[in-house]
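First comes the structure, then the notes that go with it.
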């Protein structure tokens, strides 16, 4: 019996904005901030577009609130990403090797730093560090699968 196989690949467009701050640490941190901040702003825009369609109208006030929310979410997500990328790079430089452990340490440190900056208690800081390390490690392992 004849068999047929469907194969192919989907390529996404690659958009890079190169800003050279003169230091690899700063370059990576800023790049992470911009890319993930843009993703967060796009997420808010998509959510708000859904609600506009659902309501059937868009007011000037709603549009202004959407822009503010996009900036706030973009700045928050971008900051977290910038801290993570910078810490992971720092861990890599200190350890002198590139592996999944850098993601784990970078994620744990990011979770702790962001939690501490939010004035959370000690238990919350520890659990956020554990969550950050777990999420970053899982993301790193997923990268190995592709």
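Throughout, read-outs are computed from the coordinates displayed, never taken from laboratory work. This one's a predicted model, so the numbers in the text were calculated from it and none came from an experiment. Cβ: placed from backbone, ideal geometry, glycine included. Neighbour counts: every protein chain shown.
Here are some notes:
- Helical mean residue ellipticity (222 nm; -39500 (n - 2.57) per DSSP H run of 4+; nearest 500) of the chain: -27000 deg cm²/dmol
- Which labelled figure in (i) 112; (ii) 168; (iii) 224 is volume of the Cα convex hull per residue in Å³, once derived from the coordinates: (iii)
- Footprinting exposure proxy for 54, 101, 68 (fewest neighbouring C-beta atoms within 10 Å first): 54, 68, 101
- Gaussian network model of the chain, springs between alpha carbon atoms under 10 Å - residue of 31, 128, 20 with greatest fluctuation: 20
- Exposure proxy order (Cβ contacts within 10 Å, fewest to most) of 73, 47, 88: 47, 73, 88
- Of the residues 131, 49, 112, the one that moves most in a GNM of the chain with alpha-carbon contacts below 10 Å is 49.
- Residues 127, 29, 97 arranged by fewest to most Cβ contacts within 10 Å: 97, 127, 29
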